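The values are calculated or read from the model by the stated rules, or taken from the named source; none is laboratory data. It should be emphasised that the depicted structure is a prediction, and the values quoted were computed from it without experimental measurement. Cβ: placed from backbone, ideal geometry, glycine included. Neighbour counts: every protein chain shown.
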Amino acid sequence: MKKVGVTGAAGYIGSHLCDRLLSEGVSVVGVDDLSRGTLSNLEHALPHRNFTFEKMDCTRRRELRSAFDGCDAIVHLAAQKIPRYGGTLMTLEANVAGVNAAAHAALSLDADLIVASTSDVYGNAVPPFSEDDNLVLGPPTTRRWAYAVSKLYDEHVCLALAEERGLKVSLLRLFGSYGPRNHPSWWGGPQSAFAEILLDGGVMEIHGDGTQIRTFTYIDDTVEGFYRTLLTPEARGEVINIGGEHPTRIIDLAAAVQRALRIPLPLRAKIVPYDQLPGKYQDVLKRIPDTTKAKRILGFTAQVGLEEGLERTMSWHIERREGAEALEA
């Protein structure tokens, strides 16, 4: 592995992955349309002699193939997420077009392809979720499932291309990745939204009753999963969960975020019933990975606990705000 192309390079996971690859002596070509990512995420990568960045829409096949010329691996991270407040069609179209472009670039270059999928594809299956479990998604009248369906399509098309055209692909289902550089909104996950609301002096909104269970994975562990997959030929043709080991209730996550920000009790949160949320909202009650396959194939086990990860993440949220205030002064 000498040269790797990364879509979504200026995003949260993409920028951390670029940093890791460069630190390992790998040349990196990053592409991003900067619709969600930001060049500030790449402040360490941009001046590096082995890094090249191109601002572009990664759904454009010819341009993407040209950008990644000479790459022996591609990591496809660019995606639209759950359309919580609209944009369902954009989510479907962008995710389908993006994976098609990345897959055909990889085929043309005879490069390995790693695609970031999501734990959302499991829907309300029975946890812990194993990669070969049946999937239980909600109805198409609920917009949140558009994201899961689009990523499930990504998986199907990649595995079909592997079978019929020899695509060398690995699919990683990510569970609750969080950490510095994550988008400071619901786009970045509940911990990002909670942090920003608390720092604004507001009250966290907890949807449902707060007993939903999620498994969170610190960014260093998420990136380790990608890096090990790049180094492991046995991961080709596999779907692999990349997740932490300690499931957490959302209400407990809210309390942990507040502690990490050194904000004293009582908990600054309110419950928002599902029927008050837009888009006929449906939630996943439990999201817990079976990580047996990641351990067996990749030798991967998440290392950073939630308390430690949140301490690092909340420090970043505070520093980000202090930096913005300094620029405004």
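Residue-by-condition table, conditions (1) modelled with pLDDT of 95 or more; (2) buried (at least 16 other Cβ atoms within 10 Å of the Cβ); (3) within 30 Å of A73 (Cα to Cα):
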site	(1), (2), (3)
G189	no, yes, yes
A193	yes, yes, no
E196	yes, yes, no
T211	yes, no, no
T215	yes, yes, yes
T222	yes, yes, yes
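Of everything in region 144-191 that's in a helix (DSSP H, G or I) and among the charged types (D, E, K, R), which residue is nearest to Y12 (Cα to Cα)?
The residue in question is K151.
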Of the residues in region 1-58, those that are modelled with pLDDT under 95 and of a type in the set (S, T, Y) come to S35
Name the single residue, out of those in region 224-279 being small (G, A, S) and closer than 26 Å to Y85 by Cα, that is modelled with the lowest pLDDT. G279
Matching residues in region 24-55 (loosely packed, with under 14 Cβ neighbours inside 10 Å, farther than 21 Å from W316 by Cα and of a type in the set (G, A, S)) number 2
Exactly one of these conditions fails for G202: (1) buried (at least 17 other Cβ atoms within 10 Å of the Cβ); (2) modelled with pLDDT of 95 or more. Give me its number. (1)
When region 56-71 is checked residue by residue, the ones that are surrounded by fewer than 16 Cβ atoms within 10 Å (Cβ to Cβ) and either more than 24 Å from T91 (Cβ to Cβ) or β-branched (V, I, T) (or both) are S66, D69, G70
Mind listing just one residue for me: the one in region 230-245 that is in contact with a helix residue (DSSP H, G or I) (Cβ under 7 Å, 6 or more places away or on another chain) and not small (G, A, S) and, of those, surrounded by the most Cβ atoms within 10 Å (Cβ to Cβ)? I242
Given the criteria of a type in the set (K, R), in contact with a Pro (Cβ under 8 Å, 6 or more places away or on another chain) and at negative phi, does R143 qualify? yes
Going residue by residue through region 133-156, is there one that turns out to be under 24 Å from A302 (Cα atoms), at pLDDT below 95 and surrounded by 19 or more Cβ atoms within 10 Å (Cβ to Cβ)? no
For residues that are in contact with a Leu (Cβ under 9 Å, 6 or more places away or on another chain) and not basic (K, R), scanning just region 163-183, find the one that is farthest from P289 (Cα to Cα). G166
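Does region 13-40 hold any residues that are in a loop (DSSP other than H, G, I, E, B) and free of Cβ contacts under 8 Å to residues at least 60 places away in the same chain, and which are they?
Across region 13-40, the qualifying residues are G25, V26, D33, L34, S35, G37, T38.
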What residue, among those in region 79-105 that are in contact with a Phe, Trp or Tyr (Cβ under 8 Å, 6 or more places away or on another chain) and farther than 18 Å from I13 by Cβ, is modelled with the lowest pLDDT? R84
By residue number, the members of region 41-92 that are of a type in the set (K, R), in contact with a helix residue (DSSP H, G or I) (Cβ under 8 Å, 6 or more places away or on another chain) and in a loop (DSSP other than H, G, I, E, B) are R60, K81, R84
Scan region 175-187 for residues that are surrounded by fewer than 21 Cβ atoms within 10 Å (Cβ to Cβ) and among the hydrophobic types (A, V, I, L, M, F, W, C) and jot them down. W186, W187
Would you mind stating whether V223 is within 17 Å of the chain's Cα centre (by Cα) and either closer than 24 Å to V121 by Cβ or in a helix (DSSP H, G or I) (or both)? yes
So V169 clears everything in (1) over 29 Å from T313 (Cα atoms); (2) surrounded by fewer than 21 Cβ atoms within 10 Å (Cβ to Cβ) except one condition, right? Which one? (2)
